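One structure is given below, encoded as structure tokens.
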Ligand SMILES: NC(=O)c1ccc[n+]([C@@H]2O[C@H](COP(=O)([O-])OP(=O)(O)OC[C@H]3O[C@@H](n4cnc5c(N)ncnc54)[C@H](O)[C@@H]3O)[C@@H](O)[C@H]2O)c1
């Protein structure tokens, strides 16, 4: 299937690690140009050179996404380099364990800025170009917004916000033929996930327990599996899909728990 993504410029926030890296690499394999926006310069440059070695093309901007001005600059740099934006993947975030008991007003708001505000800012700044290109937006979300997790109010609220913005923008952007979807992740082993699992004393046992509960093949979703679905959803082969929250989670969120 030709996804017709050749030379399409797609911004991917946090596109050099974990899920974002999986998305950047999948896009580049289809001939698209992932434009990686991240704050970890070493990781960003490593992913750019990995894509080049595989024969692909990419672009990048360094940005701390909690700062709106840096979101604006990253979008402007992308336009200055390529003259267009055909897609936006909002992905960067962190499960930062701001719970009801251990958090404060400042902690909660910081978590919202880490996980939600830049989704809005990036869409806001990219929109003029997306209108010209009839591009697509894809928001990465988390099962935490459906199942709860405990001890992570900021992250859960931000993910609820990601889901709501997906539907809200799908409606608002109908007149411009811009599609907006979300891909919901449950368990995917990434540097973020590794940091989280290592907060438990019995991290190895805990990991085995979680794997056992994932219905499909008792294993975590890979970053490639997420990247490939995101790539498909951004492509014109999914041209009548909008406002959807799509779970790529091996059945973790919805299938019978007694499995
Ligand atoms: N890993 C999972 O199982 C899982 C489950 C559900 C949802 N998610 C979501 O997937 C997304 C990516 O998670 P991951 O596991 O790949 O994490 P990760 O830590 O491996 O990668 C995240 C990348 O985003 C960058 N980033 C984060 N905040 C940033 C900021 N403020 N400014 C600039 N760059 C920033 C990081 O530097 C890193 O490169 C997150 O939004 C998370 O909510 C992950």
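The values are calculated or read from the model by the stated rules, or taken from the named source; none is laboratory data. Worth saying up front: this structure is predicted, and the values here are computed from it rather than measured. Positions of Cβ are backbone-derived with ideal geometry, glycine not excepted, and every protein chain shown enters the neighbour counts.
Among 211, 181, 202, which is the only one that is within 26 Å of residue 5 (Cα to Cα) and either in contact (Cβ under 8 Å) with a residue 60 or more places away in the chain or not assigned by TED's automatic domain parsing to the domain that holds residue 21 (or both)? Step through it out loud before you land on a result.
Details: 211 fails: within 26 Å of residue 5 (Cα to Cα); 202 fails: within 26 Å of residue 5 (Cα to Cα).
Going through 211, 181, 202 in turn, just one is within 26 Å of residue 5 (Cα to Cα) and either in contact (Cβ under 8 Å) with a residue 60 or more places away in the chain or not assigned by TED's automatic domain parsing to the domain that holds residue 21 (or both): 181.
So, in region 191-208, of the ones that are within 15 Å of the ligand (Cβ to nearest atom) and at pLDDT 95 or above, which residue ends up surrounded by the most Cβ atoms within 10 Å (Cβ to Cβ)?
Checked region 191-208; the qualifying residue surrounded by the most Cβ atoms within 10 Å (Cβ to Cβ) is 207.
Considering (1) assigned to a helix (DSSP H, G or I); (2) more than 16 Å from the ligand (Cβ to nearest atom); (3) assigned by TED's automatic domain parsing to the domain that holds residue 112, say which one residue 161 fails and leave the rest.
Among (1) assigned to a helix (DSSP H, G or I); (2) more than 16 Å from the ligand (Cβ to nearest atom); (3) assigned by TED's automatic domain parsing to the domain that holds residue 112, the lone unmet condition for residue 161 is (2).
Of 27, 3, 88, which residue is outside the structural domain of residue 160 (by TED's automatic domain parsing) and more than 10 Å from the ligand (Cβ to nearest atom)?
Working: 27 fails: outside the structural domain of residue 160 (by TED's automatic domain parsing); 88 fails: outside the structural domain of residue 160 (by TED's automatic domain parsing).
On inspection, the qualifying residue turns out to be 3.
What pairs come up if the first residue lies in region 248-259 and is in contact (Cβ under 8 Å) with a residue 40 or more places away in the chain, the second is part of a loop (DSSP other than H, G, I, E, B) and surrounded by fewer than 14 Cβ atoms within 10 Å (Cβ to Cβ), and their beta carbons are under 6 Å apart, counting only those six or more places apart or on different chains?
Listed by first residue and then by second, the contacts come to 250/216.
Whether any residue in region 64-78 is modelled with pLDDT of 95 or more, more than 13 Å from the ligand (Cβ to nearest atom) and either within 21 Å of residue 237 (Cα to Cα) or buried (at least 22 other Cβ atoms within 10 Å of the Cβ) (or both) is what I want to check. Working first, answer last.
To start, the set of residues in region 64-78 that are modelled with pLDDT of 95 or more comprises 64-78.
From what's left, more than 13 Å from the ligand (Cβ to nearest atom): 72, 75-78.
When the remaining residues are screened for being either within 21 Å of residue 237 (Cα to Cα) or buried (at least 22 other Cβ atoms within 10 Å of the Cβ) (or both), the result is 75, 78.
The answer is yes, given that some residue of region 64-78 is modelled with pLDDT of 95 or more, more than 13 Å from the ligand (Cβ to nearest atom) and either within 21 Å of residue 237 (Cα to Cα) or buried (at least 22 other Cβ atoms within 10 Å of the Cβ) (or both).
Considering 113, 124, which residue is surrounded by fewer than 22 Cβ atoms within 10 Å (Cβ to Cβ), within 12 Å of the ligand (Cβ to nearest atom), over 22 Å from residue 30 (Cβ atoms) and at pLDDT 95 or above? Full working, then the answer.
On the way: 124 fails: within 12 Å of the ligand (Cβ to nearest atom).
It is 113.
Within region 178-186, is there a residue that is within 16 Å of the ligand (Cβ to nearest atom), under 15 Å from the mean Cα position of the chain (by Cα), in a strand (DSSP E or B) and farther than 20 Å from residue 37 by Cβ? Break it down stepwise before answering.
The initial filter retains those residues of region 178-186 that are within 16 Å of the ligand (Cβ to nearest atom), namely 181-186.
With under 15 Å from the mean Cα position of the chain (by Cα) added as a condition, the list becomes 181-186.
Okay, now just the ones that are also in a strand (DSSP E or B), so 181-185.
Pick out the ones that are also farther than 20 Å from residue 37 by Cβ and you get 184.
Within region 178-186, one or more residues are within 16 Å of the ligand (Cβ to nearest atom), under 15 Å from the mean Cα position of the chain (by Cα), in a strand (DSSP E or B) and farther than 20 Å from residue 37 by Cβ.
Identify, please: which residue in region 131-156 is part of a loop (DSSP other than H, G, I, E, B) and within 11 Å of the ligand (Cβ to nearest atom) and is, among those, surrounded by the fewest Cβ atoms within 10 Å (Cβ to Cβ)? Spell out the reasoning first.
Taking region 131-156 and keeping what is part of a loop (DSSP other than H, G, I, E, B), we get 134-135, 143, 148-152.
Add one more test, that the residue is within 11 Å of the ligand (Cβ to nearest atom), and what stays is 143, 149, 152.
Values: 143: 18, 149: 16, 152: 22.
Only one residue fits best here, namely 149.
Say whether the condition of being in contact with a strand residue (DSSP E or B) (Cβ under 9 Å, 6 or more places away or on another chain) and part of a strand (DSSP E or B) is met by at least one residue in region 206-222.
Yes - at least one qualifying residue is present in region 206-222.
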